[in-house]
Amino acid sequence: MSVLEMNNIQKHFGDLEVLKDISLSVNKGEVLSIIGPSGSGKSTLLRCAVNLEKIDGGKITYNNDVMADTHNGKVMYAKKNELKKIRDSFGLVFQNFNLFPHYSVWKNVIDAPIHVQKRDRAEVEKTAMELLEKMGIADKKDSYPCQLSGGQQQRVSIVRALAMKPDILFFDEPTSALDPELTQEILKVIKELADEHMTMVIVTHEMSFAKEVSNRIIFMEHGVIVEDGTPQEVFASENQRTKEFLGKYR
Ligand code: ADP
Ligand code: MG
């Protein structure tokens, strides 16, 4: 069963066509990595998927609930109540952590599940504590983001996303703001989530990680999907552009 389907997605900023007819689907338990040069539209694609940007054409469906669809050239989004329900399906982990600086770690994690999702406080607190322990940062619960290392901040933002109990988690270059050692620490955390069959879409420049952790890899360039296949297929591709791009990481 597919958790996410994006069909014929189009997005432009003014005259700039950033996404040109992008289609992909992610099944439950699957890990999809998206690779491609800077400026190819990867972040825009994720931002459209999580409704931080509106699409200009195409269709987005979560678990058979339609978030956006196009009729007669006009994009229609689901109504507010439906959007709210769909919003609970996904979480996003950003490149720069995006924690609230004036909230403690604890408040960063429990605030939205209690106040946005309206879940029971005791249940949320139990979930939050378990996740912080699992990520090895329970002792940082009363710290503020500025008192943590980049790796710890990124673990908090992963906990914050998981505390919402999403069906699918998006990562936009989760390690690109981290030094090599902290990068490995975060990649290990994501690998563990993959082993637990968390459904994930990961934009990354970490090629060996993508190869190891993904069920599928998409190579994107200039707003189009150049390649979509298993890691073995993509890394063995004879496509000139794919070879050139991957060559840079060999
Ligand atoms: P990637 O994540 O692959 O590096 P992005 O999705 O960030 O690529 O950007 C794709 C293109 O869209 C780039 O040319 C970028 O400058 C442009 N772009 C992204 N966001 C905006 C925006 N809000 N307004 C105008 N142009 C944008
Ligand atoms: Mg980006």
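Any read-out appearing in this document is the output of simple, stated calculations on the displayed coordinates, not a laboratory observation. This is a predicted model, so every value here is computed, not measured. Every residue, glycine as well, gets a Cβ built from its backbone with ideal geometry; the counts of neighbours run over all protein chains shown.
Among beta bridges identified by DSSP and lying wholly in segment 169-250, the antiparallel ones come to about 55 percent. Computed over the chain, the per-residue total of -39500 (n - 2.57) for DSSP H runs of n ≥ 4 gives a 222 nm mean residue ellipticity of -10500 deg cm²/dmol, rounded to 500.
Given axes a ≥ b ≥ c from the Cα gyration tensor, I'd like to know whether segment 69-169 is rounded (a/c under 1.5), prolate (a/b larger than b/c) or oblate.
Details: a/c = 2.63, a/b = 1.84, b/c = 1.43.
Taking the square roots of the gyration eigenvalues as a ≥ b ≥ c, segment 69-169 is prolate.
Relative to the compact-globule scaling 2.2 N^0.38 Å, provide the ratio for the alpha-carbon radius of gyration of the chain.
Numbers: Rg = 18.2 Å, N = 250, 2.2 N^0.38 = 17.9 Å.
Dividing the Cα radius of gyration by 2.2 N^0.38 Å gives 1.01.
Would you mind telling me the antiparallel percentage of the DSSP bridges in the chain, rounded to 5?
Numbers: 26 of 43 bridges.
Once the DSSP bridges in the chain are tallied, antiparallel ones form about 60 percent.
Spatially, segment 78-93 and segment 155-183 are offset by 19 Å when compared through their Cα centroids. For R119, the residues whose modelled amide H falls within less than 5 Å of its own, excluding neighbours fewer than 5 places apart on the same chain, are I114.
Report for segment 112-250 the percent antiparallel among DSSP-assigned beta bridges with both residues inside it, nearest 5. Here the antiparallel bridges make up roughly 50 percent for segment 112-250. Just add up the charged neighbours of S23: K/R +1, D/E -1, any other residue whose Cβ is under 10 Å from the Cβ of S23. Here the charged neighbours net out to -2.
Counting only residues at least eight positions apart within a chain, or on another chain, the aspartates and glutamates with an alpha carbon under 20 Å from that of K118 are E82, D88, E130, D167.
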